[in-house]
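Engineer: Handing you this structure, nothing more for now.
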Amino acid sequence: MTAAAQQDQYRLAVILGSVREGRFVTTVGEWFARQAGRRDDVKLDVIDLARPDGDARTFGERIDAADAVVVVVPEYNHSFPGELKAAIDSLKPQWRAKPVGFVSYGGRGGGLRAVEQLRLVFAELHAATIRETVSFHDAWREFGPDGEPRRAGEAAGAANALLDQLAWWAPALRRAREELPYPV
């Protein structure tokens, strides 16, 4: 990797945003993590809210260290899981001027109602949400038994569009935070 490419490498935290028994978030989240892990510009940290002991660092330390965050979120009752909201609300300065993207899944809505509500939450925390979103409608039918989407090319294209936008936002906002403290 060249020095310029290494300079623009960004630390991406991927949050698995469901803790329910029988949850599908691991299938979707592990697929997305594989997509991100194939890129030279990403240093990946997967945060599973159901397994907080998977890393010695706290949730706050891991989000603080990240240059960007992707939330993998299911839609529960036209919204997002309460445990995810509690985790997000447990922090404040760690979110400021940080880009946040979404990978959602659900029934017919594909988790998009959860994403729209999360955009409001992150706006209040002064995070910059990314327009491109990966969404899986009827996700349980969309993924095969191998954990891969049945329309793999289409899904990978959506993931790369999101990751490409994060590759621009993450280093730009990191440099801005380093040069000038974010006003609160």
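Engineer: Could you please tell me which pairs satisfy a Cβ distance under 8 Å, a separation of 6+ or placement on different chains, a first residue in segment 30-52 that is in contact (Cβ under 8 Å) with a residue 40 or more places away in the chain and over 15 Å from F102 (Cα atoms), and a second residue that is open to solvent by less than 40 Å² (accessible area, probe 1.4 Å) and aliphatic (A, V, I, L, M)?
Structural biologist: Taking only residues 6 or more apart or on different chains, the pairs are R39/L163; R39/A167; D41/A167; V42/L12; V42/A36; V42/L163; V42/A167.
Engineer: Follow-up question, since we're still on this one. Could you check how many residues of segment 53-95 are assigned to a loop (DSSP other than H, G, I, E, B), in contact (Cβ under 8 Å) with a residue 40 or more places away in the chain and either in contact with a Lys or Arg (Cβ under 7 Å, 6 or more places away or on another chain) or of a type in the set (S, T, N, Q) (or both)?
Structural biologist: Of segment 53-95, the ones assigned to a loop (DSSP other than H, G, I, E, B) are 55-58, 66-67, 75, 77-78, 80-81, 90-92.
Narrowing the set further to residues that are in contact (Cβ under 8 Å) with a residue 40 or more places away in the chain leaves 66-67, 80-81.
Add one more test, that the residue is either in contact with a Lys or Arg (Cβ under 7 Å, 6 or more places away or on another chain) or of a type in the set (S, T, N, Q) (or both), and what stays is 66-67.
Counting residues in segment 53-95 that are assigned to a loop (DSSP other than H, G, I, E, B), in contact (Cβ under 8 Å) with a residue 40 or more places away in the chain and either in contact with a Lys or Arg (Cβ under 7 Å, 6 or more places away or on another chain) or of a type in the set (S, T, N, Q) (or both) gives 2.
Engineer: Kindly indicate whether S79 is more than 24 Å from L163 (Cβ to Cβ) and either of a type in the set (S, T, Y) or in contact with a His (Cβ under 6 Å, 6 or more places away or on another chain) (or both).
Structural biologist: On the way: more than 24 Å from L163 (Cβ to Cβ): yes; either of a type in the set (S, T, Y) or in contact with a His (Cβ under 6 Å, 6 or more places away or on another chain) (or both): yes.
Taking the combined requirement at face value, the residue satisfies it.
Engineer: Read through the list (1) crowded, with 20+ Cβ neighbours inside 10 Å; (2) in contact (Cβ under 8 Å) with a residue 40 or more places away in the chain; (3) not small (G, A, S), then give the number of the only condition that R174 fails.
Structural biologist: In the conditions (1) crowded, with 20+ Cβ neighbours inside 10 Å; (2) in contact (Cβ under 8 Å) with a residue 40 or more places away in the chain; (3) not small (G, A, S), R174 misses (1) alone.
Engineer: Further question: Is at least one residue of segment 108-115 aliphatic (A, V, I, L, M), under 19 Å from A155 (Cα atoms), more than 12 Å from the chain's Cα centre (by Cα) and surrounded by fewer than 20 Cβ atoms within 10 Å (Cβ to Cβ)?
Structural biologist: Taking every residue of segment 108-115 in turn, at least one turns out to be aliphatic (A, V, I, L, M), under 19 Å from A155 (Cα atoms), more than 12 Å from the chain's Cα centre (by Cα) and surrounded by fewer than 20 Cβ atoms within 10 Å (Cβ to Cβ).
Engineer: Can you confirm whether segment 78-94 contains a residue that is out of contact with any Pro (no Cβ under 8 Å at 6 or more places or on another chain), polar (S, T, N, Q) and over 23 Å from V115 (Cα atoms)?
Structural biologist: Restricting attention to segment 78-94, the residues satisfying the condition of being out of contact with any Pro (no Cβ under 8 Å at 6 or more places or on another chain) are 78-79, 82-94.
Filter once more, keeping what is polar (S, T, N, Q): 79, 90, 94.
Now drop any that are not over 23 Å from V115 (Cα atoms), which leaves none.
No: zero hits.
Engineer: Quick one: in segment 140-162, which of the residues that are in contact (Cβ under 8 Å) with a residue 40 or more places away in the chain and either basic (K, R) or open to solvent by 40 Å² or more (accessible area, probe 1.4 Å) (or both) is nearest to G107 (Cα to Cα)? First the steps, then the outcome.
Structural biologist: Step one: filter segment 140-162 for residues in contact (Cβ under 8 Å) with a residue 40 or more places away in the chain, giving 140, 143, 147-149, 155-156, 159-160, 162.
Still in the running and either basic (K, R) or open to solvent by 40 Å² or more (accessible area, probe 1.4 Å) (or both): 140, 148, 160.
Working: W140: 8, E148: 18, N160: 23 Å.
Across segment 140-162, the extreme among qualifying residues is W140.
Engineer: Would you mind finding the one in R38, R57, R34, R108 that is modelled with pLDDT under 95, more than 23 Å from A128 (Cβ to Cβ), among the basic types (K, R) and out of contact with any helix residue (DSSP H, G or I) (no Cβ under 8 Å at 6 or more places or on another chain)?
Structural biologist: Details: R38 fails: modelled with pLDDT under 95; R57 fails: out of contact with any helix residue (DSSP H, G or I) (no Cβ under 8 Å at 6 or more places or on another chain); R34 fails: modelled with pLDDT under 95.
Within the list R38, R57, R34, R108, the selection yields R108.
Engineer: Still on this structure, I have one more. Being hydroxyl-bearing (S, T, Y) and crowded, with 18+ Cβ neighbours inside 10 Å is the filter; apply it to segment 7-65 and report the residue that is nearest to P149 (Cα to Cα).
Structural biologist: To start, the set of residues in segment 7-65 that are hydroxyl-bearing (S, T, Y) comprises 10, 18, 26-27, 58.
With the extra rule that they be crowded, with 18+ Cβ neighbours inside 10 Å, the set shrinks to 10, 18, 27.
Details: Y10: 26, S18: 19, T27: 10 Å.
Selected residue: T27.
Engineer: Which condition number does L120 fail, the rest of (1) open to solvent by less than 30 Å² (accessible area, probe 1.4 Å); (2) out of contact with any Asp or Glu (no Cβ under 7 Å at 6 or more places or on another chain) being met?
Structural biologist: (1)
The values are calculated or read from the model by the stated rules, or taken from the named source; none is laboratory data. Since the structure is predicted, the reported quantities are computational estimates derived from the model, not experimental observations. Positions of Cβ are generated from backbone atoms using ideal geometry, with glycine treated the same way; all protein chains shown enter the neighbour counts. The accessibility values were calculated without ligands, DNA or RNA, using every heavy atom of the protein model including side chains. Shrake-Rupley method; radii C 1.70, N 1.55, O 1.52, S 1.80 Å.
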